[in-house]
1. Of all the residues that make up the range 352-411, how many are open to solvent by less than 70 Å² (accessible area, probe 1.4 Å) and aromatic (Phe, Trp, Tyr)?
2. What number of residues within the range 105-121 are of a type in the set (D, E, K, R) and either at positive phi or open to solvent by 40 Å² or more (accessible area, probe 1.4 Å) (or both)?
3. Evaluate the following for VAL197: is it at pLDDT 90 or above, out of contact with any Gly (no Cβ under 9 Å at 6 or more places or on another chain) and more than 18 Å from GLY284 (Cβ to Cβ)?
4. Please identify the pairs in which a residue from the range 154-165 that is under 22 Å from VAL102 (Cα atoms) and aliphatic (A, V, I, L, M) has its Cβ atom under 6 Å from the Cβ atom of a residue that is open to solvent by 20 Å² or more (accessible area, probe 1.4 Å) and in a strand (DSSP E or B), counting only partners at least 6 apart or on another chain.
5. Among the numbered conditions (1) surrounded by 22 or more Cβ atoms within 10 Å (Cβ to Cβ); (2) within 21 Å of LEU409 (Cα to Cα); (3) over 19 Å from the mean Cα position of the chain (by Cα), tell me where GLY272 comes up short.
6. Checking ALA318 against (1) closer than 25 Å to THR262 by Cβ; (2) surrounded by 14 or more Cβ atoms within 10 Å (Cβ to Cβ), which single condition isn't satisfied?
7. In the list ALA22, ALA30, ALA57, ALA2, which residue meets the criterion of being of a type outside the set (S, T, N, Q), in contact (Cβ under 8 Å) with a residue 24 or more places away in the chain, part of a loop (DSSP other than H, G, I, E, B) and closer than 24 Å to GLY90 by Cβ?
8. Inspect the range 298-313 for any residue being of a type in the set (Phe, Trp, Tyr), buried (at least 17 other Cβ atoms within 10 Å of the Cβ) and in a loop (DSSP other than H, G, I, E, B) and give the result as yes or no.
Amino acid sequence: MADRVTVIGWDGSPLTAAAGAALSAATLVAGAAHHLALPEVPATAERIRLGSIDLAARRIAGHRGSAVVLADGDPGFFGVVRNLRAPEHGLEVEVVPAVSAVATAFARAGMPWEDAQIVVAHPRTLRRAVNVCRAHHKVAVLTSPGAGPAELALLLEGVHRTFVICEELGTAREQVTVVTSDKAADHVWRDPNVVIVIGGGPEQQSTGTGSWFAGRHPQGVRGWALPSDAYPGSATDPEGESGEGESPGLRAAQLARLGPRTGDLVWDIGSGSGALAVEAAGFGAAVLAVDSDPDACARTTAAARAFGVQLQVVQGRAPHVLERLPEPDVVRIGGGGVPVVTAVADRRPERIVTHASTRDEAEALGAALAENGYTVECALLQSVELDTAAWSERERTVVFLLSALRSDLAP
C-alpha cells in the first residue's frame, strides 16, 4: 500500500502550501489530463489518467511511496473520496479540499444556495435529477456527458425554468450563460459544467429565526393527511370533494402505500381538490396532477400555491391524456375504472394505488392490475368521524383500497 495518499481538490486557483508540499513529494499522481499537466506535478512521478476510480485505487494500493489524487473542486463532495475509502481498497486518505463546483457556480451567479437541492446527473439518473428540478425552486445539477444542460431541457419540456450554465469553472475557458430551459437544448455545452435550475415559484424566504436548515425549509403547516377544509375552495365548493375518494383517512393510506420521495414523479389522476397532489409534493416528489375538470385543475393550482409546493397541473381526460406524460414512478388513480388502470399499468410504474366503492368494482380493478403484472393487495377501510361535543357519529365512509406493486419488485 502507498505510504501516504493525499487527495487534493483543485478549483483553478494556486495550490495551497499543504497541497503543494504533498504534490512535490508524490511518487504517483492520478488525475484528469488537465491535472497531470500542472507544472507542480513532479517530472519523475508515475502518472495515472483518472478514468476508472476503482482501477486507480488498485494501482495506488499496490504502490510503494507517496500517492496524490487530484480532483476538481471539493473531492469530498460527490467526489473521489468516497470511492477511495471503500472497504475493498483499504485506503486511508488525507484530504486537501478546494471550493466545490457548486459553491463556485452560485458565487458566479451571485445567489445564496443554502436552500438549494443538489443532484448528480448521469445518463442512468437523469430522469430522477429532472424530477427534482420539477419539484423544487432551486436545484444545482452536477452534469456528465450525455446528461447535460440540453438533456435536462429536453426532459423538462413543458416546464419553464431558468438555467444558469457554468462551463469549465476555474479555467481560462470559464463561461457563465443564463438561458430559459426551452433554449438550452439548442446549444452544445462544454464539459464539465454545473447547471443551476431556477423557477417554478418565488424564492424561499427565511423564517423569522433566520436560515438554519440546508435544503428545503420545513413548511409552516405541520402534518399531512390534513382535513379537507384545509385546502382552498373546499369550504365554499362542496363539489370540490368527491366523498370517500378524497377523505383524509383514505388519503393517508394512499400516501403511505405510494411512499412518494425526492426524485420520484407522481401521477395523481383525478386530482379533485389537489389535496393528495399537494401532500405528495410536500414529501419532495415531482407531481403531475391530472383532471378533466377545469375547476378541479384551478383548485389544485390554488392549493399548491397556498402550501408553497411545486407541481404541474394537466387538464385532460384519462386514459388518452396519459400518453404524452413523462414516465411515472408511482401513481394514484382517483377514478376512471379498468381502462385507466390498464393504461397506467402499461407505463410500468413501481406502485399504483386506487380505490373502489363496491366489492365488484374492487375485484375488477384488482384483476386488471394482476393481469398486467402487478401484485395486488386490497383492504376495506371504514372511517367514522365523531362529534366530540356529543360523542355522536357525524360521518361514516367505507371504501376498498387497492395497492399494487410491480411483480418484479414484489418480495
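The values are calculated or read from the model by the stated rules, or taken from the named source; none is laboratory data. Computed from a predicted structure; not experimentally measured. Neighbour counts are summed over all protein chains in view; Cβ atoms, including those assigned to glycine, are modelled from backbone coordinates with ideal geometry. Protein only, heavy atoms only, side chains kept; ligands, DNA and RNA dropped before computing areas. Shrake-Rupley method; radii C 1.70, N 1.55, O 1.52, S 1.80 Å.
1. 2
2. Within the range 105-121, the first condition is being of a type in the set (D, E, K, R), and the residues that meet it are 108, 114-115.
Narrowing further to those that are either at positive phi or open to solvent by 40 Å² or more (accessible area, probe 1.4 Å) (or both): 108, 114.
Of the residues in that region, 2 qualify.
3. On the way: at pLDDT 90 or above: yes; out of contact with any Gly (no Cβ under 9 Å at 6 or more places or on another chain): yes; more than 18 Å from GLY284 (Cβ to Cβ): no.
No; evaluated as a whole, the condition is false for this residue.
4. Going by the 6 Å Cβ cut-off, the qualifying pairs are VAL164/VAL178; ILE165/THR177.
5. (2)
6. Unmet for ALA318, out of (1) closer than 25 Å to THR262 by Cβ; (2) surrounded by 14 or more Cβ atoms within 10 Å (Cβ to Cβ): (1).
7. Numbers: ALA22 fails: part of a loop (DSSP other than H, G, I, E, B); ALA30 fails: part of a loop (DSSP other than H, G, I, E, B); ALA57 fails: part of a loop (DSSP other than H, G, I, E, B).
None of the other options fit; the residue is ALA2.
8. Filtering the range 298-313 for residues of a type in the set (Phe, Trp, Tyr) gives 307.
If we keep only those that are buried (at least 17 other Cβ atoms within 10 Å of the Cβ) as well, we get 307.
Going one step further and asking which of them are in a loop (DSSP other than H, G, I, E, B), we end up with none.
No, the range 298-313 has no match at all.
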